[in-house]
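Heads up: the structure comes next, in structure tokens.
The values are calculated or read from the model by the stated rules, or taken from the named source; none is laboratory data. Every value quoted in this text rests on a predicted model; they were computed, and no experiment measured them. Cβ atoms come from the backbone with ideal geometry, glycine included; neighbour counts cover every protein chain shown.
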Amino acid sequence: MASIRERTYIMVKPDGVQRGLVGEIISRFEKRGFKLIAAKLASPPKEQLEKHYADLSSKPFFPGLIKYMLSGPVFALVFEGLDAVKTGRVMLGATNPLQSAAGTIRGDYALAVGRNICHGSDTVENAEKEIALWFPEGIVQYSLLQESMIF
Ligand code: RTP
């Protein structure tokens, strides 16, 4: 059953931060109905990015990906809400912006796969791991009226 407490880890990548798209990305998720439960600007060490993208470590683009992710600060976010992981991925659009539908974040603001603005967890299990990696200090708990809604 779908949970209104499902969480996803969304990260505005260095190009998104440099281009001033943090507010736009937060706004899209908030307007869709997701609850922002954690947010911070971060300059992670290389090891943390290598851990985040560990499943891609054998890919030829991995060194370039890590270099790109180290090119400036990232903005780490956690959103909570119904089907947050899958819906978050739909809102981001395809990994390669050339294949991202118009109306998605990548489809509206990006052109190159190596500069695709934003990350979103691909499974609930990975979301939990990523949230623990990026927010080891934990997350503030609070309630909204939305939580008394029936789905
Ligand atoms: P992300 O983890 O960043 O949300 O991206 P994703 O799941 O849509 O795609 P994934 O396959 O996990 O790739 C992670 C990031 O690596 C870069 N990439 N470059 N040069 C290339 O062919 C290539 N392929 C992937 C992208 O920045 C992608 O988001």
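Filtered by the rule that a residue be assigned to a helix (DSSP H, G or I), under 18 Å from Phe34 (Cβ atoms) and within 9 Å of the ligand (Cβ to nearest atom), the stretch 104-125 gives a lone residue, Arg106. Among the conditions (1) touching a Pro at 6+ places or on another chain (Cβ under 8 Å); (2) part of a loop (DSSP other than H, G, I, E, B), the only one that Pro136 does not satisfy is (1). Out of Glu24, Glu80, Glu50, I need the residue that is of a type outside the set (Gly, Ala, Ser) and farther than 18 Å from Ser121 by Cα. Which one? Selected residue: Glu24, the only one of Glu24, Glu80, Glu50 that is of a type outside the set (Gly, Ala, Ser) and farther than 18 Å from Ser121 by Cα. Of all the listed residues (Leu41, Leu92), the sole one being surrounded by 14 or more Cβ atoms within 10 Å (Cβ to Cβ) and closer than 15 Å to Met11 by Cβ is Leu92.
If only residues of the stretch 1-27 that are charged (D, E, K, R) and surrounded by fewer than 19 Cβ atoms within 10 Å (Cβ to Cβ) are counted, the one that is modelled with the lowest pLDDT is Arg5. The helices (runs of 4 or more DSSP H) falling completely within the stretch 10-103 that include 2 or more residues that are within 13 Å of the ligand (Cβ to nearest atom) and without any contact (Cβ under 8 Å) to a residue 60 or more places away in the chain map to 46-52, 62-69, 84-92. From the list Ala132, Ala54, Ala110, the one residue that fits, being of a type outside the set (S, T, N, Q) and within 21 Å of Gly23 (Cα to Cα), is Ala110.
Yes or no, residue by residue, for (1) farther than 25 Å from Lys51 by Cβ; (2) at pLDDT 95 or above; (3) loosely packed, with under 10 Cβ neighbours inside 10 Å:
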position	(1), (2), (3)
Ala112	no, yes, no
His119	no, yes, no
Asp122	no, yes, no
Glu125	no, yes, no
Glu130	no, yes, no
Trp134	no, yes, no
Gln141	yes, no, yes
Glu147	yes, no, no
Phe151	yes, no, yes
